[in-house]
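Bear in mind that the values in this text are calculations on the coordinates, not laboratory data. Remember, it's a predicted structure, so these values are computed and weren't measured experimentally.
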Amino acid sequence: MSDPTILLIEDEVQIRRLVCKALETDGYRVVESGTLGKGLLQLHGAAPQLLILDLGLPDGDGIAFIRELRSQFTLPVLVLSARSAEGEKIRALDAGADDYLTKPFATGELLARVRAQLRRNPAESATPPTHFRFGEVEVDLAQRRVTRGGAAVHLTPIEYRLLLAMLADPGKVLTYRHLLRAVWGNAHSESNHYLRIYVSHLRQKLEADPTQPEYFLTETGIGYRFQI
């Protein structure tokens, strides 16, 4: 299999060089652009497996671009932006971005997030998985069975629905609103305290150390991420 292709749309030359060097050193093929217009052409021509996107570009708004992108492409989108306000992050994620990293950033964290997104790229598999394993936990969706260390784990219907919603997008930042609608429906789309309670339940039942979770991670002020 050839090395994954990543499209980077970033107008700051120094950052573009830094990111390209880090990605290429890690074994990726990088196609780069300083504008949305050129980036859109490269999306069609290079067929990348991942897009890294700055929001503040000279020829358009990155969030509007994500919305347009989602009507044509399913590839993961990692936003790389100096906009650090929680509202901006939520807008980007609700528009269809899969992850959000704020500038300045550590290259190690950038590469870890790239790897996470490439693992969940739907192009990797034509059919969704029905079996998951993380740590000592195994989830068999076909049998609706959850075990930990070989022993059955009882999950309530709400806990199970929340687990499925998080397993559906491993590595992706899921906003509070997304998870609330997936588990409880639109009527509870602002009831963030429900999520805190039930994510805590999942950690108690499925994490080795619920106080230091490895898999059910908090994205402060935004939502949660299931990380394999």
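Could you work out the relative contact order of region 5-124, using alpha carbon pairs under 8 angstrom and six or more residues apart, expressed as a whole percent? Let's see the in-between values first.
Details: 190 pairs, mean separation 29.1, N = 120.
It rounds to 24 percent for region 5-124.
Name the shape class, rounded, prolate or oblate, that the alpha-carbon gyration tensor gives for region 131-226, where a ≥ b ≥ c are the square roots of its eigenvalues, rounded holds for a/c under 1.5, and otherwise prolate holds if a/b is larger than b/c and oblate otherwise.
Numbers: a/c = 1.80, a/b = 1.45, b/c = 1.25.
It comes out prolate by the Cα gyration axes.
Residue by residue, what Karplus-based ³J(HN,Hα) values in Hz, rounded to whole numbers, does region 161-177 have, using 6.51, -1.76 and 1.60 with θ = phi - 60° and x for Gly and Pro?
5, 5, 4, 4, 4, 7, 5, 5, 9, x, x, 8, 6, 10, 5, 3, 4
Which of Thr130, Thr175, Thr102 moves most in a GNM of the chain, Cα contacts under 10 Å?
Looking only at Thr130, Thr175, Thr102, the biggest GNM fluctuation is shown by Thr130.
By how many degrees, 0 to 90 and rounded to 10, does the Cα axis of helix 13-25 deviate from the longest principal axis of the chain?
Taking the Cα atoms of the chain, the angle to 13-25 is about 60 degrees.
Roughly how far apart, in whole Å, are the Cα centres of region 67-123 and region 13-48?
Each part's Cα centre sits 14 Å from the other's.
I need the P(r) histogram for the chain: all alpha carbon pairs, bin width 5 Å from 0 out to the longest distance, whole percents.
Percent of pairs per bin, in order: 1, 6, 14, 18, 18, 16, 12, 9, 5, 2, 0, 0.
So in the chain, what percent of DSSP beta bridges are antiparallel if you round to the nearest 5? Numbers along the way, then the final one.
Working: 19 of 35 bridges.
Just about 55 percent of them are antiparallel.
Picking from Gly87, Gly150, Gly56, which is most flexible by a Gaussian network model of the chain using Cα springs under 10 Å?
Gly150
Take every DSSP beta bridge whose two residues both sit in region 5-124, then give the antiparallel share in percent to the nearest 5.
Working: 2 of 18 bridges.
Among the beta bridges of region 5-124, antiparallel pairing accounts for roughly 10 percent.
Over the chain, what is the mean sequence separation of C-alpha contacts under 8 Å (at least six apart), divided by residue count, expressed as relative contact order in percent? Walk me through the intermediate numbers first.
Numbers: 353 pairs, mean separation 31.0, N = 228.
Result for the chain is 14 percent.
Relative to the longest principal Cα axis of the chain, at what angle does helix 36-46 sit, 0 to 90 degrees, rounded to 10?
70 degrees
Relative to the longest principal Cα axis of the chain, at what angle does helix 107-119 sit, 0 to 90 degrees, rounded to 10?
Helix 107-119 sits roughly 70 degrees off the main axis of the chain.
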